[in-house]
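The values are calculated or read from the model by the stated rules, or taken from the named source; none is laboratory data. Just so it is clear, the model here is predicted, and its values are computed rather than measured. Using ideal geometry, Cβ is built from the backbone for each residue, glycine included, and neighbour counts are taken over all protein chains shown. These area figures cover heavy atoms from the full protein model, side chains too; ligands, DNA and RNA do not enter into them. Shrake-Rupley method; radii C 1.70, N 1.55, O 1.52, S 1.80 Å.
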Amino acid sequence: MQERTAHHARHWPLIAVLVALSAPLVVMYVYQIVDTVTTTPPGLDHPRRRHAAALAVPDRAAFRRRPDDLEPCGQHADLRDLHGAHGDLRSR
Amino acid sequence: MYVSLTLVIFNVGLGLFLAVSTFYLPERTSATFRAIWFMPRILPPVLYVLMWKWLMWDNGFIASALAPFGVERINWMMHSEYHAWVAVILINGVVGASFGMIIFASAIKAIPQTMLMASEVDGATRWQQVRFIILPQMRWPILFVTAYQTLSLLASFEYILLSTGGGPGSATEVWAMAAFRTALNNYGGNLQYGLGATFALVLVIIGTGLSLLYLRFFNFQALLAKPRIER
């Protein structure tokens, strides 16, 4: 175990450099996935598609929600937060 | 300038660094970094460029991340000629580094482990191993990556077309794109096949000349020659 720890410790500068180099790529992958799985149509934040914001339904989840689902819960609150963030971007 | 910067810094430089550094890391760690850097090569160009736009445009990640610090929201990809060229070099460079890493990593794996073990017994440092064992045996793959990517950067323009479209204005319109627009995609409708073909022919001549130069620079004849012991 001690040997393994020492082995990793020797590599930390190299790993730090690789993490710094890879960070932008990882950010792009994550952003791509988040944008795809959220209810906002993919690429809506693209400047050339701003006009599509007027056509997009801001909170499609609300249409699927039944009246008894309207109690505040963590999941919906998170969704609303996300929509709020996208709404801010669209308004620019 | 665009070809040489992309080629030296990213395709060969970064590719080589990624291959060598991941070679010395534990298997799982190196596999993670290689997977991250392998993706740009296998992603469809449209999706790959879209990712960069999500990162760099005025409502993208960089602008959103810097906005709380009072930095004006600008389009980091198209704000000026300088921004556009940096974006074009980065977009092409990361794909090139991905390609270079794959070639170099497989070439390093092919080096007999006994040589590296023997050098460790002799007390060689990692840098000495890279300098005197790994790099001398990488001449062939470096020649291949350099020549292949030079021709690729000269002739292909899809990442530029998808990212900046040759703009702002025609600042990032490379020769291959100029040939395409002149011969096949002229907005005015007066397609000039002959002029476009001439542009492309000039690229062929430049590519051939550079390839011959690389063969001489890397001493291609010596690479192909039989080992001296067999003469």
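Please find, among B:43, B:16, the residue that is touching a helix residue (DSSP H, G or I) at 6+ places or on another chain (Cβ under 9 Å) and without any contact (Cβ under 8 Å) to a residue 12 or more places away in the chain. Step through it out loud before you land on a result.
Values: B:16 fails: without any contact (Cβ under 8 Å) to a residue 12 or more places away in the chain.
Checking each option against the conditions leaves just B:43.
Would you call residue A:9 open to solvent by 40 Å² or more (accessible area, probe 1.4 Å), at pLDDT below 80 and more than 7 Å from chain B (Cβ to nearest Cβ)?
Yes.
Kindly evaluate residue B:5 against the criterion of being open to solvent by 50 Å² or more (accessible area, probe 1.4 Å), closer than 18 Å to residue B:99 by Cα and away from chain A (no Cβ under 11 Å).
Yes.
Would you mention how many residues in region B:22-32 are within 10 Å of chain A (Cβ to nearest Cβ) and either over 16 Å from residue B:107 (Cβ atoms) or touching a Phe, Trp or Tyr at 6+ places or on another chain (Cβ under 8 Å) (or both)?
Total satisfying the criteria: 6.
Tell me, which residue of region B:54-77 that is at pLDDT 85 or above, over 14 Å from residue A:29 (Cβ atoms) and within 8 Å of chain A (Cβ to nearest Cβ) is surrounded by the most Cβ atoms within 10 Å (Cβ to Cβ)?
Top of the filtered list is B:75.
For region B:78-118, which positions are open to solvent by 50 Å² or more (accessible area, probe 1.4 Å) and part of a loop (DSSP other than H, G, I, E, B)?
B:78, B:79, B:110, B:112, listed by residue number.
Name the residue that is farthest from residue B:179 (Cα to Cα), counting only residues in region B:210-230 that are surrounded by 10 or more Cβ atoms within 10 Å (Cβ to Cβ) and of a type in the set (Gly, Ala, Ser).
If we take residues in region B:210-230 being surrounded by 10 or more Cβ atoms within 10 Å (Cβ to Cβ) and of a type in the set (Gly, Ala, Ser), then B:225 is farthest from residue B:179 (Cα to Cα).
Return yes when residue B:51 is at pLDDT 85 or above, aliphatic (A, V, I, L, M) and either closer than 28 Å to residue B:134 by Cα or in contact with a Phe, Trp or Tyr (Cβ under 6 Å, 6 or more places away or on another chain) (or both) and no when it is not.
It is false that residue B:51 is at pLDDT 85 or above, aliphatic (A, V, I, L, M) and either closer than 28 Å to residue B:134 by Cα or in contact with a Phe, Trp or Tyr (Cβ under 6 Å, 6 or more places away or on another chain) (or both).
Of a type in the set (Val, Ile, Thr), more than 17 Å from the chain's Cα centre (by Cα) and under 30 Å from residue B:49 (Cα atoms), is that true of residue B:125?
No: the conditions fail for residue B:125.
Within region B:157-170, track down each residue that is open to solvent by less than 40 Å² (accessible area, probe 1.4 Å) and modelled with pLDDT under 85.
Across region B:157-170, the qualifying residues are B:166, B:167.
For region B:20-46, give me each residue that is open to solvent by 50 Å² or more (accessible area, probe 1.4 Å), aliphatic (A, V, I, L, M) and closer than 21 Å to residue A:35 by Cα.
Answer for region B:20-46, where residues must be open to solvent by 50 Å² or more (accessible area, probe 1.4 Å), aliphatic (A, V, I, L, M) and closer than 21 Å to residue A:35 by Cα: B:39, B:42, B:46.
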